[in-house]
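K.L.:
Structure below; questions to follow.
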């Protein structure tokens, strides 16, 4: 796509990070390493240079004890764990990373399930084996200059946290749905009915699925800014105890969207109002996008709202109608930007 916009490049990147099927977390480590290169002003990167941030992120996540791979054996992950325990040196870790850490991920990074390799690449590979180098493309440099850059960084980490928890603890399953904690603004699962295990911040988990825009007016928002990026309950949380609203948890991911502070609580803002029907259609689309993104929020959404589109749509339309019946009016933003 020769004339793609900066937003197209962001969408390609988000497709890789947020929608790819994963058997290991190497793609996330590579994504974070590529974004780190912003400060180094390089166009060509050797495996030696790439191995340093790549192995750093793998070691950081491995130290949590959470699964980083669906396979039982990985010599590279063994080396990362050994380094964390002080059993091998840093030079040995880098050597192992160059030898085994990049075996598949460099070729697989741009591949999406069912679509093959995407047209817009963020690097090209030169050479073979341990002599490979990455030739960074203009697409990656466009990301470095994008106003969405900080969101993109947060999205990689958030997705990584969700995936490793899903592999380790089965989060997102019917028995462990992902819910939202209003006080901490984090997503969590509840274990043994009393213990809450925090997963990641809701803002960083959801921002990519809205392409970094306010759900209602499409203004650009940033997941790291608690003041201007609000987690909003699409159907008002205040209605949670109404008898006709008890079928699903209003704190579920299906009912969470990100809004700018003007739309959520500014003058003429939504506050606890019910959005117009066109925004319900937007919510359906967002939820279906999440469901198609593989792990792990997709399982939670299916468990919370239904196995198929017809069931999910019927439930959301019924709940939306019930919410309107309590308030007798709809809300819409004062202004909506072009998307």
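K.L.:
Inspect the range 141-157 for any residue being in contact with a strand residue (DSSP E or B) (Cβ under 7 Å, 6 or more places away or on another chain), surrounded by 21 or more Cβ atoms within 10 Å (Cβ to Cβ) and at pLDDT 95 or above and give the result as yes or no.
P.N.:
No, the range 141-157 has no match at all.
K.L.:
Now for a different question. Checking the conditions here, which among 40, 48, 96 is crowded, with 17+ Cβ neighbours inside 10 Å and over 15 Å from residue 157 (Cα atoms)?
P.N.:
When all the criteria are applied, what remains is 96.
K.L.:
Counting just the residues of the range 229-245 that are in a loop (DSSP other than H, G, I, E, B) and surrounded by fewer than 16 Cβ atoms within 10 Å (Cβ to Cβ), which one comes out farthest from the chain's Cα centre (by Cα)?
P.N.:
It comes out as 242.
K.L.:
Let me ask something else. Tell me, please, whether a residue that is under 18 Å from residue 93 (Cα atoms), modelled with pLDDT of 95 or more, touching a strand residue (DSSP E or B) at 6+ places or on another chain (Cβ under 7 Å) and not in a loop (DSSP other than H, G, I, E, B) can be found in the range 21-33.
P.N.:
no
K.L.:
Which helices (runs of 4 or more DSSP H) sit wholly inside the range 251-309 and have at least 2 residues that are in contact with a helix residue (DSSP H, G or I) (Cβ under 7 Å, 6 or more places away or on another chain) and surrounded by 23 or more Cβ atoms within 10 Å (Cβ to Cβ)?
P.N.:
Ranges flagged: 297-305.
K.L.:
Among what's in the range 112-133 and is touching a residue at least 40 places away in the same chain (Cβ under 8 Å) and closer than 17 Å to residue 9 by Cβ, pick the residue that is nearest to the chain's Cα centre (by Cα).
P.N.:
That would be 112.
K.L.:
Could you figure out which of (1) without any contact (Cβ under 8 Å) to a residue 60 or more places away in the chain; (2) more than 29 Å from residue 11 (Cβ to Cβ) isn't true of residue 245?
P.N.:
(1)
K.L.:
Next up: Is there any pair with a first residue in the range 176-205 that is touching a residue at least 60 places away in the same chain (Cβ under 8 Å) and a second that is in a loop (DSSP other than H, G, I, E, B) and surrounded by 21 or more Cβ atoms within 10 Å (Cβ to Cβ) whose Cβ atoms are under 7 Å apart and which are 6 or more apart or on different chains, and what are they?
P.N.:
As it stands, the answer is 178/171; 178/172; 187/178, since those pairs meet every condition given.
The values are calculated or read from the model by the stated rules, or taken from the named source; none is laboratory data. This structure is a prediction, so every number in the text was calculated from the model and none was measured. Using ideal geometry, Cβ is built from the backbone for each residue, glycine included, and neighbour counts are taken over all protein chains shown.
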